[in-house]
2 protein chains.
Amino acid sequence: MHVGYLGPKGSFTHNIALKAFPDEELIPLGTITEVIKAYEEGDVSYAIVPVENAIEGPVLETSDYLFHQAHIETIAEIVQPIKQQLLATAQGKKIEKIFSHPQAIAQGKKYVLENYPDVIIEAMASTAYAARYVAEHPQANYAAIAPQAAADEYGLEIIAQDIHEIDNNYTRFWVLGPKAVPIDLKETDKKISLAFTLPDNLPGALYKALSVFAWRGIDLTKIESRPLKTVLGEYFFIIDFANHNEELVGFALEELTAIGIHYKILGKYTVYQLG
Amino acid sequence: MHVGYLGPKGSFTHNIALKAFPDEELIPLGTITEVIKAYEEGDVSYAIVPVENAIEGPVLETSDYLFHQAHIETIAEIVQPIKQQLLATAQGKKIEKIFSHPQAIAQGKKYVLENYPDVIIEAMASTAYAARYVAEHPQANYAAIAPQAAADEYGLEIIAQDIHEIDNNYTRFWVLGPKAVPIDLKETDKKISLAFTLPDNLPGALYKALSVFAWRGIDLTKIESRPLKTVLGEYFFIIDFANHNEELVGFALEELTAIGIHYKILGKYTVYQLG
């Protein structure tokens, strides 16, 4: 079975793929859109994409594609703590240049400024590309800020561990697929995500939509508003809520339809946590 | 008086600054953060930044800075239709390379592919930089996708007009300042924007927050959720609502406080529309 993921090898998404599908053939793809399309077109059986980061917020390429273009359901969510390492080809090297993705640079900047005040920092398209680049230039005095998985993938040494500034950084990843598969990770919750638009300019429409969940005590864990790409001030919403009582959730969804709100289920899924 | 704006000259924000403050000294700054900081530190008396685009959504650098770091109020909102022009140093030139900002490239791509199928397209940091670059290389067969204001600023010819694909594209700009000033543009509405966080993990807390507006019939024109940058699943919200009945709005805000929701007013302002 083929599983597509946001590459390259050594990325955070690759790590999720390795943990969720240890025995399958993993296919790295260049962009989130390519990953979702590969699944839509049947080139892969499952697909893994990032959906939200605790610091940066929702991954817009994922939400927009799943709402506007796809009819795809998430079958699992995997939450991964984001930890950044400083990697080089050998310990004890004099580091003159550090490569990474802009977000990882921001996360590791404090450590780098304190420990390598004279280093040149250069942005790259991803942390994994930065790690690969450093591995490909073993003679140069280069280092990369990247995850542990990139060190394993490209045979780099961790020259400084956990250099990220904020400890509580997590990313949520979605596994897209035809039906749930057993995943050997710690289960933490069951959730449903859905996207909806509101009837034209109805004052209080969002309030009514939320009321079907609120008065039933169904816990909302997330709400995201995104422009509909038609006119300013029209939005679609993505909400995540706890799926602890299927009957109650069923009534809530029926009532949503009854008050004229069209929704699209993005997934009913189990949430897993990586250690 | 000095007015800071997101530069360079010829940008959409520059056009807003020219229309709102035709007689003042306008200071272009390089990033949104620099514009807001210049106002905070008293280097400029007013500041103009983009806050939301109909297609791309909220400008995260603006929302995050105003929520997390600043105590600043918006005194006016100006809505500008986004129209893109193809600019070059002379009419009738053979165009071999087109420069622009990635968003403007996306907006003009259909026109360019149909009319210049062999052209090379290159991304730049802003449409105005692209226009300036084209003006600085009059001998080269270059063109830029940029607004009318950039043509005026850099003395370029419009070789194809309104090449943007989507007609209903608008951007909202905020004028930050100590108090409202007369602005000679068409008034379309009065609004209030506020940011709030919710008491810890209270199920239905967002619903309660919205209820103080909904049952009073106060029309919400926007809701944006952004991560609090602490842990996954904690958000702050920015809502915009109509300020048509000050007494009613006052009661709603009092009730918000009474139910334990802390808010920060981002502005009580008049909305203006550019033609």
Using the structure shown, decide if B:Lys222 is within 28 Å of A:Asn168 (Cα to Cα) and not assigned by TED's automatic domain parsing to the domain that holds B:Gln69.
no
Counted residues, the stretch B:43-78 - those being of a type in the set (Gly, Ala, Ser) and either in the same structural domain as B:Ala128 (by TED's automatic domain parsing) or at pLDDT 95 or above (or both)
3
Among the numbered criteria (1) over 25 Å from B:Gly275 (Cα atoms); (2) crowded, with 21+ Cβ neighbours inside 10 Å, which one does B:Ala104 miss?
(1)
Odd one out for B:Ile121 among (1) within 14 Å of another protein chain (Cβ to nearest Cβ); (2) modelled with pLDDT under 95:
(1)
For the stretch B:209-234, the count of residues that are crowded, with 20+ Cβ neighbours inside 10 Å and more than 7 Å from chain A (Cβ to nearest Cβ) equals 4
Any pair with Cβ under 6 angstrom, 6 or more apart, that starts in the stretch B:236-257 at a residue that is part of a helix (DSSP H, G or I) and ends at one that is charged (D, E, K, R)
B:Leu248/B:Arg216; B:Ala252/B:Arg216
Just the residues that are more than 7 Å from chain B (Cβ to nearest Cβ) and either over 25 Å from the mean Cα position of the chain (by Cα) or at pLDDT below 85 (or both), please, taken from the stretch A:197-208.
A:Leu198, A:Pro199, A:Asp200, A:Asn201, A:Leu202, A:Ala205, A:Lys208
How many residues does the stretch A:235-265 hold that are more than 14 Å from chain B (Cβ to nearest Cβ) and touching a Leu at 6+ places or on another chain (Cβ under 6 Å)?
2
Kindly list the number of the only condition in (1) surrounded by fewer than 20 Cβ atoms within 10 Å (Cβ to Cβ); (2) within 14 Å of chain B (Cβ to nearest Cβ) that fails for A:Asp162.
(2)
Quick one: is A:Lys93 surrounded by fewer than 24 Cβ atoms within 10 Å (Cβ to Cβ), among the charged types (D, E, K, R) and either outside any loop (DSSP other than H, G, I, E, B) or touching a Pro at 6+ places or on another chain (Cβ under 8 Å) (or both)?
no
Take the residues in the stretch A:167-179 that are of a type outside the set (Lys, Arg) and loosely packed, with under 14 Cβ neighbours inside 10 Å, then tell me which one is farthest from the chain's Cα centre (by Cα).
A:Pro178
Looking at the stretch B:126-153 only, could you name the residues that are surrounded by fewer than 22 Cβ atoms within 10 Å (Cβ to Cβ) and of a type in the set (Phe, Trp, Tyr)?
B:Tyr129, B:Tyr133
Quick one: would you say A:Thr188 is in contact with a Pro (Cβ under 7 Å, 6 or more places away or on another chain) and either at pLDDT 90 or above or closer than 24 Å to A:Ala150 by Cβ (or both)?
no
Extreme residue, surrounded by the most Cβ atoms within 10 Å (Cβ to Cβ), among residues of the stretch B:180-208 that are in the same structural domain as B:Glu247 (by TED's automatic domain parsing) and without any contact (Cβ under 8 Å) to a residue 24 or more places away in the chain
B:Tyr207
Exception for A:Tyr65 within (1) touching a residue at least 60 places away in the same chain (Cβ under 8 Å); (2) under 17 Å from the mean Cα position of the chain (by Cα); (3) within 18 Å of A:Lys264 (Cβ to Cβ) falls at (1)
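The values are calculated or read from the model by the stated rules, or taken from the named source; none is laboratory data. Keep in mind that what you see is a predicted model, and the values were worked out from it rather than measured. Reconstructed Cβ throughout: ideal geometry from the backbone, glycine too, with neighbour counts over all protein chains shown.
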